[in-house]
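The values are calculated or read from the model by the stated rules, or taken from the named source; none is laboratory data. Being a predicted model, the structure only gives us computed values, none of them experimental. Reconstructed Cβ throughout: ideal geometry from the backbone, glycine too, with neighbour counts over all protein chains shown. The accessibility values were calculated without ligands, DNA or RNA, using every heavy atom of the protein model including side chains. Shrake-Rupley method; radii C 1.70, N 1.55, O 1.52, S 1.80 Å.
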Amino acid sequence: MADFNSDFWHWYIAIATVLSILACVWLIRWMTAGFQKKDEVETTGHVWDGDLTELNNPLPRWWLGLFYVTLAFGGFYLLLYPGLGHFSGFLNWTSKGQYEAEVARVEAEVGPLFERYQQTAILDLINDEQALKIGERLYLNYCATCHGSDARGARGFPNLRDADWQWGGDPDSIKATLLYGRNAVMPAWEAALGGEAGINEMTQYLLRLSNRATIDELADKGEAKYQMFCVACHGINGKGNTALGAPNLTDDVWLYGGSISKISESLIKGRNGQMPAFGEFLGEAKVHLLTAYIYDISQGAE
Ligand code: HEC
Ligand code: HEC
């Protein structure tokens, strides 16, 4: 073990440990040595309440034996397992090694199963009850913290059960999202739109895009600026662009909230949602099963 930066600590710990064990042996032998010869019961010489004397009996043999057993156990343990400084023990056991062996055992067990699933198309996997069960379990382990245990998301974390996709909801797009992650870049617009007034106008236009009541005069001004600044990503009609992760602004589904103040906040601060990459962490086989699960739960959604 390379946890010590000099040999001093190795010897310090090893010697202190061995000496402590030897000291315990010596202490027990010393404390019990006198008893063997005498038949009479000794007293400690303490007397209370006139006639209450304290006897000095030896420990029962079995009890004494237990002490020796514990010491012997300690000695053997330190010979077999790491414990004495950086001596690694004759069994060469390490927690990392044990963990790796367990992982390897499980991989060998489930590897072929995952392999088979990975060769199966997503559109076929969604008819495979067992594959979806595994996908669900993976989802609960790795995704539920952000997207919720029901996969309906929360503010800033998209609902995965609906038909609204920022980055595309077909199997290939979902799989790419999981493998490589996604990094949404929506710039901040306060300066470009001309401060608070410009933000208000744009917000009014976005309300109109999503079919809500608006102050038309403001929305008209917003529309002109929309054509200038926003079409590149959100499209001429506001339907978004899955290649850039630019959301559809016409459907009244809002990742960051659809109230006037939340929409304005999105414009003022910009947004930068990040979906972590899972390809390296989970491996393609698990991502494949997760894709099937996500694709399946979003089918039939509005
Ligand atoms: C650390 C939080 C976090 C975790 C963990 C996480 N996600 Fe995400 N995910 C996000 C965020 C944030 C976004 C939105 C990114 C954006 O703004 O475009 C997202 C987006 C997505 C999208 C794209 C949605 C769309 O509309 O295109 C999918 C699909 C997805 N996540 C699935 C998963 C799955 C499956 C897992 C588990 C393997 C997972 N996520 C784990 C935070 C997370
Ligand atoms: C460079 C491309 C780009 C441009 C230009 C752009 N956006 Fe965005 N916009 C995005 C992306 C990507 C997101 C998603 C951000 C996220 O998921 O974190 C987004 C998110 C939003 C949101 C939040 C939507 C929600 O669901 O909460 C609003 C509102 C919005 N944009 C409005 C605008 C307006 C108005 C303009 C023009 C002034 C504009 N965007 C210009 C890329 C862009």
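Near the amide H of residue 169, within less than 5 Å, lie no amide hydrogens of residues on another chain or at least 5 residues away, with H placed in the peptide plane. When the surface is traced with a 1.4 Å probe over the full set of protein chains, residue 30 keeps roughly 150 Å² accessible.
Helix 7-33 and the long axis of the chain differ in direction by around 40°, with both axes built from C-alpha atoms. Which of 244, 78, 113 moves most in a GNM of the chain, Cα contacts under 10 Å? Residue with maximal mean-square fluctuation among 244, 78, 113: 78.
Find the percent of Cα-Cα distances in the chain that exceed 33 Å, and round it to a whole number. Percentage above 33 Å: 58.
Between the helical axis of 171-180 and the longest alpha-carbon principal axis of the chain there is an angle of about 50 degrees. Per residue, the chain exposes an accessible area of 64 Å² to a 1.4 Å probe, with every protein chain left in place. Mean-square fluctuations from a GNM of the chain, with a 10 angstrom spring cutoff on Cα atoms, peak among 97, 257, 240 at 97. Relative to the longest principal axis of the Cα atoms of the chain, the long axis of helix 61-80 makes an angle of roughly 50 degrees.
Computed over the chain with a Gaussian network model linking Cα atoms closer than 10 Å, the most mobile of 13, 122, 260 is 13. Projected label points at residue 29 and residue 92, each 7 Å from Cα along the beta carbon direction, are separated by 3.6 nanometres.
Which percent of the Cα-Cα distances in the range 2-137 go past 28 Å? Display every interim value, and only then the final one.
Details: 5362 of 9180 pairs.
Taking all Cα-Cα pairs of the range 2-137, the fraction more than 28 Å apart is 58 percent.
Determine Rg/Rh for the range 202-302; Rg is computed over alpha-carbon atoms and Rh is the Kirkwood hydrodynamic estimate from the same atoms. Value, to two decimals: 1.08.
Rg(Cα) of the range 102-153 divided by 2.2 N^0.38 Å?
On the way: Rg = 13.0 Å, N = 52, 2.2 N^0.38 = 9.9 Å.
Its radius of gyration relative to the 2.2 N^0.38 Å reference: 1.31.
The candidates 21, 199, arranged from most to least accessible area with a 1.4 Å probe in the full protein assembly, appear as 21, 199.
With the whole protein complex present, residue 26 retains an accessible surface near 150 Å², based on a 1.4 Å probe.
Here is the link list: 175/239; 133/269; 96/133; 221/269; 239/269. Which ones come out longer than 32 Å on Cα distance? Correct reply: 133/269. Extension gain for residue 49 to residue 113 (0.36 nm times residue separation, less C-alpha to C-alpha distance): 15.1 nm.
Can you pull the percent of the chain's accessible area that's carbon plus sulfur, 1.4 Å probe, other chains left in place? Each step should come with its number before you reach the end.
Values: 11420 of 19310 Å².
The nonpolar share, carbon plus sulfur, comes to 59 percent.
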